[in-house]
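Worksheet for the structure shown next.
The values are calculated or read from the model by the stated rules, or taken from the named source; none is laboratory data. Note that this is a predicted model, so its numbers are computed, not measured. Ideal geometry is used to build each Cβ from the backbone, glycine not excepted, and the neighbour counts take in all protein chains shown. In case anyone asks, the SASA skips ligands and DNA or RNA and just uses the protein heavy atoms, side chains included. Shrake-Rupley method; radii C 1.70, N 1.55, O 1.52, S 1.80 Å.
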Amino acid sequence: MSNIDPLVSGPVPGTASPPLSMAVGHAFRDMPFGFIHVKICAVLFVAFAIEAWEMLMLTYVASDLATSLQVGMTQVGIAISALFLGMIPGSLVWGPISDRIGRKATCAWSFFGYGVFTLLSCFAPNFEVLSVARFLSGLLFSGVFTVTFPYFEELLPVKVRGKATVYLAAGWPIGILAALGTAALIGGHGWRWVIAVSALASLWGIVLYKVVPESPYWLARRGPE
């Protein structure tokens, strides 16, 4: 049995202490899949679904967006794409950040920043302001996008990681359906309300921070303080 509790990353009292990285690896190799892993899977699954929801929600209210801001469909396409443009530099930035501050803090701050700028975009008076706000939302939300998969795998027993990753990927179509459902239910009130509901989804970051433990692999690499 390993000397390291894989979800705490500390030595078990009264035992010798092998190198932390080796102990964590051995623990995850032999660890059974338990209820804590079910909770982790569920929370990160929803986080991944929210990513897909955010990426596609404006496509379902594009017509209303064009009418409201008095722009053509090309400008609407730019506003929608601004989120993805923000994710390009964001994906490069958040990886090193997650290595520095941890997976858990990265997801929490990414959700928070995304929520703030998405909420601000609800009040965008024109196409230009909306595009900038969406770019910043993508820049900040790419932290969740970048970290979710490695974070997920670093918390699960080795023997189930392959199957569980396929399960996590299923969050993408669920998120698309959630975006469609949101647009169908409240899209009649205007695109600003659709974005507002998406901003509220960022509160899931609180659930993630409370339920999902830090990656033991990251804790082991950081070493004792």
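Which ones in region 60-76 are outside any loop (DSSP other than H, G, I, E, B) and either touching a residue at least 40 places away in the same chain (Cβ under 8 Å) or open to solvent by less than 30 Å² (accessible area, probe 1.4 Å) (or both)?
60, 61, 62, 64, 65, 66, 68, 69, 75, 76
This table checks each residue for (1) of a type outside the set (A, V, I, L, M, F, W, C); (2) farther than 24 Å from residue 196 by Cα; (3) out of contact with any strand residue (DSSP E or B) (no Cβ under 8 Å at 6 or more places or on another chain).
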residue: 75; (1), (2), (3): yes, no, yes
residue: 81; (1), (2), (3): yes, no, yes
residue: 93; (1), (2), (3): no, yes, yes
residue: 100; (1), (2), (3): yes, yes, yes
residue: 103; (1), (2), (3): yes, yes, yes
residue: 112; (1), (2), (3): no, no, yes
residue: 129; (1), (2), (3): no, no, yes
residue: 132; (1), (2), (3): no, no, yes
residue: 154; (1), (2), (3): yes, yes, yes
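With respect to residue 116, is the statement that it is part of a helix (DSSP H, G or I), in contact with a Leu (Cβ under 9 Å, 6 or more places away or on another chain) and open to solvent by less than 20 Å² (accessible area, probe 1.4 Å) true?
no
Which residues, taken from region 193-225, are among the charged types (D, E, K, R) and over 22 Å from the mean Cα position of the chain (by Cα)? Give the steps one after another, and end with the answer.
First, pick out the residues of region 193-225 that are among the charged types (D, E, K, R): 210, 214, 221-222, 225.
221, 222, 225, listed by residue number.
In region 168-196, how many are closer than 20 Å to residue 208 by Cα and either open to solvent by less than 50 Å² (accessible area, probe 1.4 Å) or at pLDDT below 85 (or both)?
To start, the set of residues in region 168-196 that are closer than 20 Å to residue 208 by Cα comprises 168-172, 174-175, 178.
Applying the additional criterion that residues be either open to solvent by less than 50 Å² (accessible area, probe 1.4 Å) or at pLDDT below 85 (or both) yields 168-171, 175, 178.
Within region 168-196, residues that are closer than 20 Å to residue 208 by Cα and either open to solvent by less than 50 Å² (accessible area, probe 1.4 Å) or at pLDDT below 85 (or both) number 6.
Only one of these is open to solvent by 60 Å² or more (accessible area, probe 1.4 Å) and either polar (S, T, N, Q) or within 25 Å of residue 35 (Cα to Cα) (or both): 159, 104. Name it.
159
Looking for something of a type in the set (Asp, Glu) and open to solvent by less than 20 Å² (accessible area, probe 1.4 Å) - is there at least one such residue anywhere in region 142-156?
No; the residues of region 142-156 include none that is of a type in the set (Asp, Glu) and open to solvent by less than 20 Å² (accessible area, probe 1.4 Å).
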